[in-house]
1. Could you pull out the longest piece of the chain with no exposed loop GluC sites (Glu not before Pro) in it, calling a site exposed if DSSP puts it outside H, G, I, E, B and it has at most 14 other Cβ atoms within 10 Å?
2. Less than 13 Å Cβ to Cβ from Val123, Lys/Arg counted +1 and Asp/Glu -1: what total charge do the surrounding residues give?
3. Quick one: which of Lys92/Lys130; Lys171/Lys203; Lys2/Lys124; Lys22/Lys72; Lys130/Lys150; Lys124/Lys150 span more than 22 angstrom between C-alpha atoms?
4. How large is log10 I(q)/I(0) at q = 0.16, 0.21, 0.34, 0.36 Å⁻¹ when the Debye formula is applied to the Cα atoms of segment 28-67, each weighted equally and without solvent?
5. How about segment 141-173: which trypsin sites (Lys or Arg not before Pro) there lie in a loop by DSSP and see at most 12 other Cβ atoms within 10 Å?
6. Stokes-Einstein at 25 °C, 0.890 mPa s, Kirkwood radius from Cα pairs: D for segment 118-213 in µm² s⁻¹?
7. Could you give me the percent of Cα pairs per 5 Å distance bin for segment 1-88, shortest bin first, beginning at zero and ending with the bin that holds the maximum distance?
8. Along the charge dipole of the chain, Cβ charges K/R +1 and D/E -1, which of Ala9, Val168, Asn109 sits furthest on the positive end?
Amino acid sequence: MKILDANGANIPALGFGTWTLKGNECAGLVQHALSAGYRHIDTAAMYDNEIDVGTGINSSAIPRSEIFLTSKVWPTDIADGDLQRSVEASLKRLDTPYLDLALIHWPSNSVSIREAIGALNDVKSRGLAKHIGVSNFTNAMIVEAVAASKHPLSCNQVENHPYLDQSVMRKTCARYGLALIAYCPLSRGGKLFEEPAIFNAAKNHGKTPAQIVLRWHVQFENAGAIPKTATLSRLGENLDIFDFELSEGEISAISSLTGANRRICDFDFSPDWD
Ligand SMILES: NC(=O)c1ccc[n+]([C@@H]2O[C@H](COP(=O)([O-])OP(=O)(O)OC[C@H]3O[C@@H](n4cnc5c(N)ncnc54)[C@H](OP(=O)(O)O)[C@@H]3O)[C@@H](O)[C@H]2O)c1
C-alpha cells in the first residue's frame with residue numbers, strides 16, 4: 001500500500017468509500033474491507049451511515065489506531081460552533097474518540113471560508129480530529145483556505161477520474177502539500193471500462209479495467225482514491241493494484257480521456273469550478 005504524506009497526515013492511498021451503503025450491509029462491508037487490507041475508510045455526516053461504519057470498524061479485528069477514518073461536515077453546519085457540534089455528533093455515531101481527518105464536505109455560500117476554517121482548526125486543536133482538510137474546494141478556495149488556516153490542511157477530496165481534467169487542482173494541492181483524494185474515482189464504472197486506453201492496458205497487465213483506473217490515480221504524486229463497492233469480490237480487486245506499474249504512454253493515453261470533461265457531482269450549490 002502506498003502511504004501519502006500530506007502535511008503530516010499519513011493517508012493510505014487507496015481507501016473504501018461508503019456513500020449509499022447503509023445498515024448491516026454497510027457494517028459488514030466495512031468489516032470485510034478491513035480484513036481484506038483496507039486501512040482507510042471514508043464516510044460523512046450526510047451519508048447517514050456513521051453508526052454502521054462505526055459498527056464495522058469496532059467489530060473488526062483491526063485496532064482503531066491502524067485505521068485512517070475520514071468524515072465530513074455538511075455545508076449547512078460549517079458556521080463556528082455548528083461545525084464543532086457536527087464533528088462531535090459524528091464521533092458519537094462512529095463510536096470513536098477521534099477522526100483521522102475531518103473535512104468540510106462542500107463550501108458554503110453563506111459561511112465564509114475564514115469562519116469555517118477557523119472552526120475546523122478548533123476541531124484539530126481540541127483533538128477531535130488528528131488532521132483537517134476540505135472537499136469540493138476550487139483552486140481559488142484552496143489558496144484562501146490555506147491562508148486562513150493555522151494548522152496545515154491535509155487534503156482536498158474532489159471528483160476525479162479519467163473523464164475529468166483535474167491537472168490544475170493536482171498542481172494546487174502539490175504547491176501546498178495537500179493530498180488530492182479522488183471521489184467517483186471509477187466514474188461509477190460502465191462506459192469508462194470500455195475505453196480502449198483502459199481496456200488495452202488491462203489486457204497488457206492481466207488486470208481488470210477498474211484496477212487500471214485505480215492504478216492510474218495512485219501513480220500521481222500525493223494522490224489517492226476511495227472507490228465504493230457493495231460487491232464483496234470487488235473489495236479485494238480494487239485493492240490489488242500495488243504490484244504493477246502503468247507506463248508513461250499508458251498514463252498519458254488514459255489522461256487524454258479528460259477531453260470528455262464530464263462531471264458527475266455537480267449541483268445547484270456547487271461552487272464555480274475554476
Ligand atoms: N466528497 C464528496 O462530495 C463525495 C462525492 C461523491 C462520493 N464521495 C466518496 O467517494 C466514494 C466513491 O465514489 P462513488 O461511490 O460515487 O463512485 P465510484 O467509486 O467511482 O463508483 C462506484 C460504482 O462502481 C462500481 N464498482 C466498484 N468497483 C468496481 C469494480 N472493480 N468493477 C466494476 N465496477 C465497480 C460499484 O458497483 P458495486 O457497488 O455494485 O460493486 C459502484 O456502482 C463514495 O462512496 C464516497 O465515500 C465523496
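Quick note: the coordinates plus some simple rules give every number you see, no bench work behind them. Remember, it's a predicted structure, so these values are computed and weren't measured experimentally. All Cβ positions, glycine included, derive from the backbone under ideal geometry; neighbour counts span all protein chains shown.
1. Longest run free of exposed loop sites: 1-220.
2. Once positives and negatives cancel, what remains is 0.
3. Exceeds cut-off: Lys171/Lys203; Lys2/Lys124.
4. Debye output, listed in q order: -0.34, -0.57, -1.26, -1.34.
5. Counting only loop positions with at most 12 other Cβ atoms within 10 Å, the trypsin sites (Lys or Arg not before Pro) in segment 141-173 are Lys150.
6. Here the translational diffusion coefficient equals 162 µm²/s.
7. 3, 14, 23, 21, 19, 14, 5, 1
8. Selected residue: Ala9.
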